[in-house]
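Below is one structure; the comments refer to it alone.
The values are calculated or read from the model by the stated rules, or taken from the named source; none is laboratory data. Computed from a predicted structure; not experimentally measured. As a convention, Cβ positions derive from the backbone with ideal geometry for all residues, glycine included, and neighbour counts pool all protein chains shown.
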């Protein structure tokens, strides 16, 4: 099969074999190639030194722009929403329970033929008391069409993080993509260590759990990048090398606001295959002025600068500012306006709606083609699906660790010996 084109015959084969049962059940007549996150990870590995966008689809225009960009770049991608964005206390109209329906509808509407995984990002566990409810919710997410998930107990002590992952994994289907996290995402405070990452991955391995991705606190923040430190490439490279024999890829969080140069280095020097972008895409869809790498530019008063010829209409922007002022929202909290403004966005003239999605498309296409090295990874994923003839390509690793070394008692003992600086409480939001 050509690595630059997808034939109709190959696409149909992949559609028949690659869609997991939950997707087939939900969308029996669909031509959307919604697949396990495992296939997206494997396609990046096969290309080599490549990572794809995990686009947080906070609104319709981000979803549409991301899918159009991936089709244009012939790249396999991930569409995601975090629990904080689209969970039971959602501030976005796109939720964990409707995101697959949005993606499926858009793929069929737009004729999208690249493989897409739908990821539940940052399924956060803030205390062990939340685990019983999480078991119910995780099952419901897969019923609703999720094909990949991040179990995020990263701000708990290391032993509790591992134990939460072990307790929740039985509720994640074996075919699904799996991400685990160590080190709460909070900038230069409390950076992750190889010791922490090894503890988590080794403990999972002993229990026959083989994550596709691990997310680190490697110097980034969520939301608008304010620290100026950004991604610590050397730390990331060091931790990934320490984990090499477990064959786990990296997931880069807090991508918005990091330079293309930093992101290129992450793709080229580390084992990262997934790069989350949330805030930048929201800002671009709105028409807020951003720098070359998607960080919002603020004026001297700390306010956003709306570009008159981009994003939402000026009339809609004025409405948004009035609501923000009434609610006393600071710049970073404008994200809370996604939900109340979605229908207002959709009610705008067609040319306005089209440019909101097109600007997102152009930004993501540049990232996929010129920064992430993800171009032409879609045929690699399709080739993989056809060869495995399954919705599940299987794990990337086998059990290396001894289960008797990773009982609950041993996990608590070993976890208590880890010396790390957790730093101050961070922002583990999206």
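Which of the residues spanning region 1-39 are free of Cβ contacts under 8 Å to residues at least 40 places away in the same chain and assigned to a loop (DSSP other than H, G, I, E, B)?
Residues of region 1-39 that are free of Cβ contacts under 8 Å to residues at least 40 places away in the same chain, as a first pass: 7-9, 12, 15-16, 24-25, 28-29.
7, 28, 29, listed by residue number.
So which of 281, 298 is within 23 Å of residue 230 (Cβ to Cβ), touching a residue at least 24 places away in the same chain (Cβ under 8 Å) and over 25 Å from the mean Cα position of the chain (by Cα)?
Just a single option satisfies the conditions, and that option is 298.
Return only the number of the condition from (1) more than 22 Å from residue 7 (Cα to Cα); (2) out of contact with any helix residue (DSSP H, G or I) (no Cβ under 7 Å at 6 or more places or on another chain) that residue 95 does not satisfy.
Among (1) more than 22 Å from residue 7 (Cα to Cα); (2) out of contact with any helix residue (DSSP H, G or I) (no Cβ under 7 Å at 6 or more places or on another chain), the lone unmet condition for residue 95 is (2).
Residues of region 349-384 being over 16 Å from residue 66 (Cβ atoms) and in a loop (DSSP other than H, G, I, E, B), which ones?
Answer for region 349-384, where residues must be over 16 Å from residue 66 (Cβ atoms) and in a loop (DSSP other than H, G, I, E, B): 349, 373, 376.
Could we say that residue 95 is modelled with pLDDT under 95, farther than 15 Å from residue 27 by Cβ and not in a helix (DSSP H, G or I) here? Step through it out loud before you land on a result.
Numbers: modelled with pLDDT under 95: no; farther than 15 Å from residue 27 by Cβ: yes; not in a helix (DSSP H, G or I): yes.
No.
Could you please let me know if residue 100 is crowded, with 23+ Cβ neighbours inside 10 Å and within 22 Å of residue 143 (Cα to Cα)?
For residue 100, the condition - crowded, with 23+ Cβ neighbours inside 10 Å and within 22 Å of residue 143 (Cα to Cα) - is met.
When you go through (1) surrounded by 14 or more Cβ atoms within 10 Å (Cβ to Cβ); (2) closer than 23 Å to residue 245 by Cα one by one for residue 386, which number turns out not to apply?
With respect to (1) surrounded by 14 or more Cβ atoms within 10 Å (Cβ to Cβ); (2) closer than 23 Å to residue 245 by Cα, residue 386 is out only on (2).
Would you call residue 42 buried (at least 21 other Cβ atoms within 10 Å of the Cβ) and either free of Cβ contacts under 8 Å to residues at least 40 places away in the same chain or part of a helix (DSSP H, G or I) (or both)? Before the answer, list the steps.
Details: buried (at least 21 other Cβ atoms within 10 Å of the Cβ): yes; either free of Cβ contacts under 8 Å to residues at least 40 places away in the same chain or part of a helix (DSSP H, G or I) (or both): yes.
The answer is yes for residue 42.
Can you confirm whether region 394-407 contains a residue that is outside any loop (DSSP other than H, G, I, E, B), touching a residue at least 24 places away in the same chain (Cβ under 8 Å) and more than 23 Å from residue 173 (Cα to Cα)? Give the derivation first.
We begin by selecting, within region 394-407, every residue outside any loop (DSSP other than H, G, I, E, B); these are 403-406.
With touching a residue at least 24 places away in the same chain (Cβ under 8 Å) added as a condition, the list becomes 403, 405-406.
Narrowing the set further to residues that are more than 23 Å from residue 173 (Cα to Cα) leaves 405.
Among the residues of region 394-407, at least one is outside any loop (DSSP other than H, G, I, E, B), touching a residue at least 24 places away in the same chain (Cβ under 8 Å) and more than 23 Å from residue 173 (Cα to Cα), which makes the answer yes.
Within region 99-126, can you find the residues that are within 20 Å of residue 84 (Cβ to Cβ) and out of contact with any strand residue (DSSP E or B) (no Cβ under 9 Å at 6 or more places or on another chain)?
Across region 99-126, the qualifying residue is only 126.
For residue 141, indicate whether it is free of Cβ contacts under 8 Å to residues at least 60 places away in the same chain and either surrounded by 24 or more Cβ atoms within 10 Å (Cβ to Cβ) or on the phi > 0 side of the Ramachandran plot (or both). Spell out how you get there, then give the answer.
Numbers: free of Cβ contacts under 8 Å to residues at least 60 places away in the same chain: yes; either surrounded by 24 or more Cβ atoms within 10 Å (Cβ to Cβ) or on the phi > 0 side of the Ramachandran plot (or both): yes.
Yes: the conditions hold for residue 141.
Being without any contact (Cβ under 8 Å) to a residue 60 or more places away in the chain and more than 22 Å from residue 55 (Cβ to Cβ): is that true of residue 151 here?
Taking the combined requirement at face value, the residue does not satisfy it.
Residues checked against (1) in a helix (DSSP H, G or I); (2) crowded, with 22+ Cβ neighbours inside 10 Å; (3) at pLDDT 95 or above:
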{"position": "198", "(1), (2), (3)": "yes, no, yes"}
{"position": "203", "(1), (2), (3)": "yes, yes, yes"}
{"position": "227", "(1), (2), (3)": "no, no, no"}
{"position": "231", "(1), (2), (3)": "no, yes, no"}
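Identify the residue in region 157-166 that is under 15 Å from residue 417 (Cα atoms) and touching a residue at least 40 places away in the same chain (Cβ under 8 Å) and, among all such residues, is surrounded by the fewest Cβ atoms within 10 Å (Cβ to Cβ).
Let us first name the residues in region 157-166 that are under 15 Å from residue 417 (Cα atoms), namely 157-162.
Subsequent filtering for residues that are touching a residue at least 40 places away in the same chain (Cβ under 8 Å) retains 157-160, 162.
On the way: 157: 15, 158: 26, 159: 21, 160: 17, 162: 28.
Across region 157-166, the extreme among qualifying residues is 157.
What about residue 169, is it surrounded by fewer than 17 Cβ atoms within 10 Å (Cβ to Cβ) and free of Cβ contacts under 8 Å to residues at least 60 places away in the same chain?
Numbers: surrounded by fewer than 17 Cβ atoms within 10 Å (Cβ to Cβ): no; free of Cβ contacts under 8 Å to residues at least 60 places away in the same chain: yes.
In short, no.
Take the conditions surrounded by 17 or more Cβ atoms within 10 Å (Cβ to Cβ), closer than 30 Å to residue 402 by Cβ, modelled with pLDDT under 95 and under 16 Å from the mean Cα position of the chain (by Cα) and apply them to residue 154. Does it pass?
Details: surrounded by 17 or more Cβ atoms within 10 Å (Cβ to Cβ): yes; closer than 30 Å to residue 402 by Cβ: yes; modelled with pLDDT under 95: yes; under 16 Å from the mean Cα position of the chain (by Cα): yes.
It is true that residue 154 is surrounded by 17 or more Cβ atoms within 10 Å (Cβ to Cβ), closer than 30 Å to residue 402 by Cβ, modelled with pLDDT under 95 and under 16 Å from the mean Cα position of the chain (by Cα).
Being outside any helix (DSSP H, G or I) and either surrounded by fewer than 24 Cβ atoms within 10 Å (Cβ to Cβ) or over 17 Å from the mean Cα position of the chain (by Cα) (or both) narrows it down to one residue among 134, 105, 90, 120; which is it?
Working: 134 fails: outside any helix (DSSP H, G or I); 105 fails: outside any helix (DSSP H, G or I); 120 fails: either surrounded by fewer than 24 Cβ atoms within 10 Å (Cβ to Cβ) or over 17 Å from the mean Cα position of the chain (by Cα) (or both).
The match here is 90.
Name every residue in region 344-370 that is free of Cβ contacts under 8 Å to residues at least 60 places away in the same chain and either under 23 Å from residue 84 (Cβ atoms) or touching a strand residue (DSSP E or B) at 6+ places or on another chain (Cβ under 8 Å) (or both), in order of residue number.
Residue satisfying the conditions is 344 alone.
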